[in-house]
Amino acid sequence: MQTTDSSVALINANYSGAIKHVDTNAKNDAALREQTDKFEAFFVKQILDIAINSEDNNENSLFPKDAGDKIYKSMYNDTMSNALSGKLGLSEMLFTYLKEGR
């Protein structure tokens, strides 16, 4: 009668489950990081919108008054908010807080 050693198969099954768990956590962390960066970009855009609109009352505004000034302002604010997202610390703070809550 021949016996087979199943310990190697059991070890491989346990490790593959751990690898899948780690891979899933990495994917979840990446998705969470993306969402917190998007929230920070939205937050920065709101601040820029308020700042640029308050500047309209000044005669030395960043954008000249013309037919497309609202479009220029919106494009500028979108670009700036996307460039700054993930660099101001709000995204990192939210990521850490939400990750601990899981």
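In the range 23-101, the portion of solvent-accessible area held by carbon and sulfur atoms comes to 59 percent [1.4 Å probe, whole percent, DNA, RNA and ligands not counted].
Taking a 31 Å limit on the Cα-Cα distance, which of the listed pairs Lys27/Lys70; Lys27/Lys87; Lys73/Lys99 fall beyond it? From the list (Lys27/Lys70; Lys27/Lys87; Lys73/Lys99), the Cα-Cα distance tops 31 Å for Lys27/Lys70; Lys73/Lys99.
The values are calculated or read from the model by the stated rules, or taken from the named source; none is laboratory data. All figures in this text were calculated on a predicted structure; none of them were measured in a lab. Heavy atoms of the whole protein, side chains included, go into the accessibility calculation; ligands, DNA and RNA do not. Shrake-Rupley method; radii C 1.70, N 1.55, O 1.52, S 1.80 Å.
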